[in-house]
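Below is one structure, written out as structure tokens; the observations come after it.
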């Protein structure tokens, strides 16, 4: 099932074109990374999906319903980049509040299940002000999952976390994907997107300049072979050339200690798409 679809989506703020005809589909159980420099249109796209902004042209559909409609709003969960929960509330109270706001009747069972999912079962009675940044971030994801949404919009969920915190959030996102929930992840951390996302789209000046599965976007860069005389890089060759190259090196009387197929990173793809200055 298509969780989110944009067709010819445009948005203008006066003379400024924030989106210039976006076509995008996000499927059930898919982690989709949205990349681009500041001002590329990522936040505008997410706000249209949440129903906070109306498009100037084109359509946006959430789980079969027009974005912003009651049915669409009931199908999404959202975590803003700069969220704040009342410091005096406990984790359980935060989720209880959002259950009332979302009209969820999941009660105590839903809250306990969400806190277990994000690894905060032992912190259920802890106040927000006594939590680390990583714990608050995980609580934010639990809040976005209140009411069993089918689509999550997450804005920079790991940007302020240390490596351990980012790993914990990645594990949560993979579990969410396993439950069939679609996730649109807006992030500047290319390495995180490369690790966790199934597909990505790169925006620049309101247009998609590159899109596809991460492994498809990352091009071969050659083969690196370590021998007794050092390491040599064979450029312009692919994985299929490895047996031939190794045979040639061994035939020349050089011992082979390791072979590595080199591929461009998502950062390379990103910089090629948006330019070094952006």
Original post:
Residues in segment 51-79 that are under 15 Å from residue 146 (Cβ atoms) and either assigned to a loop (DSSP other than H, G, I, E, B) or not assigned by TED's automatic domain parsing to the domain that holds residue 206 (or both): how many?
Top reply: 2
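Residue-by-condition table, conditions (1) free of Cβ contacts under 8 Å to residues at least 40 places away in the same chain; (2) surrounded by fewer than 16 Cβ atoms within 10 Å (Cβ to Cβ):
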residue: 191; (1), (2): no, yes
residue: 197; (1), (2): no, no
residue: 208; (1), (2): no, no
residue: 214; (1), (2): no, no
residue: 235; (1), (2): yes, yes
residue: 242; (1), (2): yes, no
residue: 245; (1), (2): yes, no
residue: 250; (1), (2): yes, yes
residue: 256; (1), (2): yes, yes
Original post:
In segment 233-256, which residues are within 16 Å of residue 220 (Cα to Cα) and touching a strand residue (DSSP E or B) at 6+ places or on another chain (Cβ under 8 Å)?
Top reply: 233, 234, 235, 236, 237, 238, 239, 241, 242, 245
Original post:
Is at least one residue of segment 21-35 crowded, with 17+ Cβ neighbours inside 10 Å, farther than 18 Å from residue 181 by Cβ, in contact with a strand residue (DSSP E or B) (Cβ under 8 Å, 6 or more places away or on another chain) and at pLDDT 95 or above?
Top reply: yes
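Looking at residue 9, is it in a strand (DSSP E or B), modelled with pLDDT under 95 and either under 17 Å from the mean Cα position of the chain (by Cα) or under 22 Å from residue 210 (Cβ atoms) (or both)? Before the answer, list the steps.
On the way: in a strand (DSSP E or B): yes; modelled with pLDDT under 95: no; either under 17 Å from the mean Cα position of the chain (by Cα) or under 22 Å from residue 210 (Cβ atoms) (or both): yes.
When the stated conditions are applied, residue 9 does not pass them.
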Original post:
Can you tell me which of 134, 222 is outside the structural domain of residue 32 (by TED's automatic domain parsing), at pLDDT below 90 and either within 30 Å of residue 243 (Cα to Cα) or buried (at least 18 other Cβ atoms within 10 Å of the Cβ) (or both)?
Top reply: 222
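Sort through 144, 71 and tell me the only one that's surrounded by 13 or more Cβ atoms within 10 Å (Cβ to Cβ) and either modelled with pLDDT under 95 or out of contact with any helix residue (DSSP H, G or I) (no Cβ under 6 Å at 6 or more places or on another chain) (or both).
The match here is 144.
The values are calculated or read from the model by the stated rules, or taken from the named source; none is laboratory data. Quick caveat: nothing in here was measured; it's all calculated off a predicted structure. Note that we place each Cβ from the backbone using ideal geometry, even for glycine, and neighbour counts take in every protein chain shown.
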